[in-house]
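Contents: one structure, followed by commentary.
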Amino acid sequence: MNDATRSPGPNRGGMNYMVELRQRRWLSAKAFEIELSRPTAFEFKAGQTILLIHANNARHYNLVSTPNDPYLETCVRLVRQGALSPILATAEIGSTFEFSGPYGYFTFNSSAHPAVFVASGTGIAPFVCMGRSGVKNFILLHEARSAEELYYQSLFREIASQYVPCVLEAPPADLELAGAFHGPVAEFVRDRLPPANYDFYLCGRRGMVREVTLLIDARFPASRVYTEIFD
Ligand SMILES: Cc1cc2nc3c(=O)[nH]c(=O)nc-3n(C[C@H](O)[C@H](O)[C@H](O)COP(=O)(O)OP(=O)(O)OC[C@H]3O[C@@H](n4cnc5c(N)ncnc54)[C@H](O)[C@@H]3O)c2cc1C
């Protein structure tokens, strides 16, 4: 297929490409990964997004594949009444999609301060890309409704200095998760995170990002905060 660069993208200078849907893998009943072919000219940095375009809809998705992988991969939450995610959930393997990119500045900045990654749901995606690309020794707080939605657990249990699943619905006693906190990430940041100057990276739901940012201002005022909001 022709994956050649076509034209400058719709905003911020990204280029447009055509790609093929190669694989879909469900991570839970609500989220799936899609693998797309990678145009040879397309370069990006860990933490950046692509804008997938279909008919009149265009939506951003973070890449979970690394800048060195020969394919592109994203992790998508199925919004049942949504315009694009149901199409990505059901499109036939071999279908073609247009995308533009790369976009965004939510990339990892090394510093002397410990990094705290805070994600809700598929907001984990940019941290997957950073982790697979070699970023280590961060604290990761991942909020999910249920244990089933704690995507990429094994990766983070291996590379994070501390991995804290924050599960909203308490898992049954026989399914207790090692190191799990039962409650929203905001509660963990408020009550459990020791005082220090951190570099915070927040990604996911607007409400979570807003609440955690306010807590950081109150409890960790000298910390840096980087954010990416999904809705
Ligand atoms: C910078 C950026 C990066 C993003 N990266 C990802 C990513 O890696 N993975 C991913 O799954 N999504 C990501 N999103 C969200 C994604 O772009 C779409 O908004 C989402 O897939 C819904 O699109 P839709 O067309 O299916 O639904 P729409 O028709 O756009 O939305 C229907 C409704 O669902 C709400 N909604 C949007 N996203 C969610 C969600 N995740 N959970 C619950 N409700 C939601 C919207 O606010 C809207 O009210 C990102 C968004 C931005 C801005």
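The values are calculated or read from the model by the stated rules, or taken from the named source; none is laboratory data. Since the structure is predicted, the reported quantities are computational estimates derived from the model, not experimental observations. Neighbour counts run over all protein chains shown; Cβ positions are idealised from the backbone, glycine included. We work out accessible area using only protein heavy atoms, side chains counted, and drop any ligands, DNA or RNA first. Shrake-Rupley method; radii C 1.70, N 1.55, O 1.52, S 1.80 Å.
One table, with the values for the structure above:
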read-out	value
Residues of region 120-143 classified as within 15 Å of residue 178 (Cα to Cα) and within 15 Å of the ligand (Cβ to nearest atom), total	2
Residue satisfying all of: in region 60-88; assigned to a loop (DSSP other than H, G, I, E, B) and β-branched (Val, Ile, Thr); nearest to the ligand (Cβ to nearest atom) among these	79
Residue check for residue 50: among the hydrophobic types (A, V, I, L, M, F, W, C), near the ligand (Cβ under 10 Å from one of its atoms) and modelled with pLDDT of 95 or more	yes
Listing of helices (runs of 4 or more DSSP H) fully contained in region 129-231 that carry 2 or more residues being open to solvent by 80 Å² or more (accessible area, probe 1.4 Å) and free of Cβ contacts under 8 Å to residues at least 12 places away in the same chain	153-159, 206-219
Tally, over region 89-101, of residues that are closer than 30 Å to residue 224 by Cβ and within 11 Å of the ligand (Cβ to nearest atom)	1
Flag if residue 106 is within 16 Å of the ligand (Cβ to nearest atom), closer than 15 Å to residue 199 by Cβ and not small (Gly, Ala, Ser)	yes
Looking only at region 80-103, and only at residues there that are open to solvent by 70 Å² or more (accessible area, probe 1.4 Å) and under 16 Å from residue 33 (Cβ atoms), the one that is farthest from the chain's Cα centre (by Cα)	93
